[in-house]
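Visitor: Before anything else, here's the structure in question.
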Amino acid sequence: MPTFTALDGTELAFHAMGEGEPLLCLPGGPMRASAYLGDLGGLSEQRRLIMLDLRGTGASGIPADPATYRCDRQVSDVEALRRHLGRDRVDVLAHSAGGDLALLYAARYPERVRTLTLITARARALGVDFTEEHRREAAALRMAEPWFGPAHDAYEAVWAGTADDADWDTVAPFFYGRWDAVAQAHAAADVAQSNAEAAEVYASPGAFEPAAARAAIAALRAPVLVLAGELDSGPRPRVAAAIAELFPTAEVAVQPGGGHFPWLDDPVGFARTVGTFLARESQDAQESRIG
């Protein structure tokens, strides 16, 4: 298992798979081990995926100071991994809550980011978040599903702040474009792969300064892909478009029938969309150097 040492001495691990240019992948959860990303729908056939286990998750060590689980304090871990890989610039992909970490990294180290790919990603770092309205809007799209009734009742408990563990399990289908055996196994692994204590700290007060991050992102030269799922509530496609507008150079892709984990819903389509973006930007970068 490849490891490297963070600035505070915590030993961190990453998983590498595939061939080609490295793609540094930041998981969400928040604070879920990177194993849930799998091979991102076969994207490993096009790129060498570098899957970081954030501190306190997966094979990475537990820090001496739990306060370092806060999102902004993990930016230095991403930079330490870049240095460990020996790359002047890296392609960064982030999923869900990992989007906040990627955004803060890009804001602090813009010269180190070659491309940024945000997969159904949060953008609290930029002052954009998902609301109950968004959740209800997406839930209404699933009314014909056989699981809708009990799942929607459980969602009401979540919105009321009275949900128990059983309710959270019951709402899981809303986060997948297809509630099949693959999705069910993926959802069942969530608790075992997640660090609940770290998740409570991740977005705690002080983690985000949206005005400063927006100002930094507004000058980011790296191309950005914002990918949303048609059926996902976080972000809804229109919210993903609003996030993209905050960057100088960004494009939006909406995966038909996609949920919060779009590589599970349509692996081929997902890998094609992301792979095409990365290949195009890599070719453009090569031509720019030659020119």
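Visitor: When semi-axes √(5λ) of the Cα gyration tensor in Å is calculated directly from the model, which label among (1) 25, 23, 20; (2) 28, 22, 19; (3) 43, 19, 16 fits?
Guide: Read-out taken from this structure: (2).
Visitor: About its Cα centre, how strong a charge dipole does the stretch 179-283 have in debye, to the nearest 20, once Lys and Arg get +1 and Asp and Glu get -1 at the Cβ? Working shown, then result.
Guide: Numbers: 6 positive and 12 negative charges, 89 e Å.
For the stretch 179-283, the charge dipole is close to 420 debye.
Visitor: Ignoring ligands, DNA and RNA, what percent of the 1.4 Å accessible area of the chain is carbon and sulfur?
Guide: Details: 6380 of 12370 Å².
Roughly 52 percent of what the probe reaches on the chain is carbon or sulfur.
Visitor: Nearest 20 debye, what's the magnitude of the dipole of the stretch 91-138 about its Cα centre given +1 on Lys and Arg Cβ and -1 on Asp and Glu Cβ? Each step should come with its number before you reach the end.
Guide: Working: 7 positive and 7 negative charges, 33 e Å.
That gives a dipole near 160 debye.
Visitor: Right, next: Contact order normalised by length for the stretch 73-141, with contacts defined as Cα pairs under 8 Å and 6 or more residues apart; what percent is it?
Guide: Working: 76 pairs, mean separation 21.2, N = 69.
That works out to 31 percent.
Visitor: On a 0 to 90° scale, report how tilted helix 267-290 is relative to the longest principal axis of the chain, with both axes built from alpha carbons and the result rounded to the nearest 10.
Guide: Computed tilt is about 20 degrees.
Visitor: I'd like to check one number: the per residue accessible area of the chain, probe 1.4 Å, reported in Å² as a whole number. Let's see the in-between values first.
Guide: On the way: 12370 Å² over 291 residues.
Accessible surface, normalised per residue, equals 43 Å².
Visitor: Rank Trp263, Trp147, Trp179, Trp168 by accessible area, highest first, at a 1.4 Å probe radius?
Guide: Details: Trp263 10, Trp147 40, Trp179 75, Trp168 135 Å².
So the residues, ranked largest to smallest area, are Trp168, Trp179, Trp147, Trp263.
Visitor: In debye to the nearest 20, how big a dipole does the chain give about its Cα centre with +1 on each Lys and Arg Cβ and -1 on each Asp and Glu Cβ?
Guide: 1000
Visitor: Considering only DSSP beta bridges where both residues belong to the chain, give the percentage that are antiparallel (nearest 5). Working shown, then result.
Guide: Values: 10 of 34 bridges.
Around 30 percent of the beta bridges assigned by DSSP in the chain are antiparallel ones.
Visitor: Can you give the longest run of the chain that contains no GluC sites (Glu not before Pro) sitting in a DSSP loop with at most 16 other Cβ atoms inside 10 Å?
Guide: Numbers: sites that count: Glu19, Glu245.
Answer - 20-244.
Visitor: Then there is this: Given the options Pro256, Pro235, Leu104, identify the residue whose Cα lies farthest towards the positive end of the charge dipole of the chain (+1 on Cβ of Lys, Arg; -1 on Cβ of Asp, Glu).
Guide: So the residue furthest toward the plus end is Leu104.
The values are calculated or read from the model by the stated rules, or taken from the named source; none is laboratory data. For clarity, every value in this text was computed on a predicted model and none was experimentally measured. Counting neighbours? That spans all protein chains shown, and the Cβs are built from the backbone with ideal geometry, glycine included. Areas reflect the complete protein model, heavy atoms only, side chains present, ligands, DNA and RNA absent. Shrake-Rupley method; radii C 1.70, N 1.55, O 1.52, S 1.80 Å.
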